[in-house]
Number of protein chains: 2
Amino acid sequence: MNHFPAKPHHHGALRAALIQAGIDILQSDGLQGLTLRKCAARAGVSHAAPAHHFDGLVGLKGAIAHHGLLLFRDAMLAASAGAADDLAQLKGICQGYLDFAAAQPALFRLMFGFEKHEHRKVSVELDGDLAYEVLREACAPFVRDDLPAPILEAQVWSLIHGYATLYLSGNFLRELHALPQQQAFEQVMAALDRMVTR
Amino acid sequence: MNHFPAKPHHHGALRAALIQAGIDILQSDGLQGLTLRKCAARAGVSHAAPAHHFDGLVGLKGAIAHHGLLLFRDAMLAASAGAADDLAQLKGICQGYLDFAAAQPALFRLMFGFEKHEHRKVSVELDGDLAYEVLREACAPFVRDDLPAPILEAQVWSLIHGYATLYLSGNFLRELHALPQQQAFEQVMAALDRMVTR
DNA sequence: ATATCAAACTTGACACTGTCAATATCACAT
DNA sequence: ATGTGATATTGACAGTGTCAAGTTTGATAT
């Protein structure tokens, strides 16, 4: 029996190996350094092997982004676990958001750097809802009559996402870099209190 | 006389022509399509000519980003001109922010997509303060004792920047795309009122 | 056991990219 | 007029993504 593709062929799990190789390369060489041929070499296969598992470079990047969104979601869940109240949970998720972006900046840029048209062929995989579900749930307790869920979620997501990208790029918000990273983060996230309290 | 480099050589103003060619290419072919050789061809020079005016592709991108930040600043200024009060001015700037990102998405991505290490050689040119000065001034009236300027500015910038990037990428905030663009924007920007009023 | 066959992988080629070295050309000061 | 330095061209090189063709592999049917 065992009709599962456990080790169907030569390499076996080349698809997963290529995604992991891509994440490793992103970590060491940055987004610019991510290359089909380097991924193939790192996985120990020839340069054209990835074509049998992904639709070119865009397809590989889409799969990496999808896998990265899973890690991203787990990081946010872990950072918000054990929160005392709803607000602490929301802030914990934002903390996980920032920490993930800081720990894996190139993967983060890949995940959120897609253009509209690049997105089409991997629309199923690159589903933003995947990672944002946890953020959405954390926003739910604060929904009010005059603040519907999509608006509140957009406000919170925009704040944390904008802060993560601007602060981590290093080119902007330079006055904030005088403060310790954690302190700056907490002061900016104080805007959440004002957004959320009626 | 005339020691100004009005038309010093073969092409004359190749540097400016290359920057303009780059902006045109960004508009038509996207960030991925921006190429040293295409810029050179569009400016009518050979493929290696740009090397005499920019430090490689990174240098050209830095110069384009610098020029884009000037356009960006002007767009924000124009959008906020004639505002009735301080809050309307701040919202006008945010409107200009979003409109610019929507009108020139590839240029916007280039301006804000730089990594830390790519930034070094063009640090003088790619000065984020350049464009953010107008946003900073619009924030000034709302500074309070318990809300120092750098924190308030970071909150406002993060909100509008995060919204612009997330909304325009098309992969996220999908529920918001059901609303008309202007209406969605205004509802999200309502968070500014809460940030700013004491 | 043997033949068959499709999937997985390799090899080789192509056009395109950024970058460099060598060369040519022009403007201008002397 | 003569040289000098900035400006531009040409040619080459290593990498890149992608495609076409061939080769290996392993499962399945007979």
Taking only complete DSSP H runs, can you tell me which helices of chain B stretch 27 Å or more along their own long axis by Cα positions and average at least -1.0 on the Kyte-Doolittle scale? B:56-80, B:149-169
Max mean-square fluctuation residue, GNM over chain B, Cα-Cα springs under 10 Å, options B:ALA65, B:ALA84, B:ALA102: B:ALA84
Choice from B:LEU26, B:LEU77, B:LEU173 showing the highest fluctuation, given a GNM over chain B with Cα pairs closer than 10 Å: B:LEU173
How many nm is it between the label spots at B:ARG194 and A:ASP74, if each spot is 7 Å from the Cα in line with the beta carbon? 3.3 nm
Within chain B, what whole-number % of the accessible surface is contributed by carbon and sulfur, with the 1.4 Å probe and all protein chains included in the calculation? 55 percent
Rounded, prolate or oblate: which fits the protein assembly as shown, taking a ≥ b ≥ c as square roots of the Cα gyration tensor eigenvalues, rounded meaning a/c under 1.5, else prolate when a/b beats b/c? oblate
What total accessible surface area, summed over both chains, is buried at the interface between chains A and B, computed with a 1.4 Å probe and given in Å² to the nearest 100? 4100 Å²
Hey, for B:LEU57 with labels 7 Å out along Cα-Cβ, what do the inter-copy distances come to in nm, ordered shortest first? 0.8
Can you give me the distance in nm between label points at B:LEU57 and A:ALA102, each placed 7 Å from the Cα along the Cα-to-Cβ direction? 3.1 nm
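Is region B:56-196 best put as rounded, prolate or oblate by its Cα gyration tensor, with a ≥ b ≥ c the root eigenvalues, rounded for a/c under 1.5, and otherwise prolate when a/b is larger than b/c, oblate when not?
oblate
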How far, in whole Å, is the closest Cβ of chain A from the axis that maps A onto B, and which residue does it belong to? A:GLY162, 1
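The values are calculated or read from the model by the stated rules, or taken from the named source; none is laboratory data. Since the model is a prediction, treat every value here as computed from it, not as a measurement. Virtual Cβ from ideal backbone geometry, glycine too; neighbours counted across all protein chains shown. These accessible areas exclude ligands, DNA and RNA; they are computed on the full protein's heavy atoms, side chains included. Shrake-Rupley method; radii C 1.70, N 1.55, O 1.52, S 1.80 Å.
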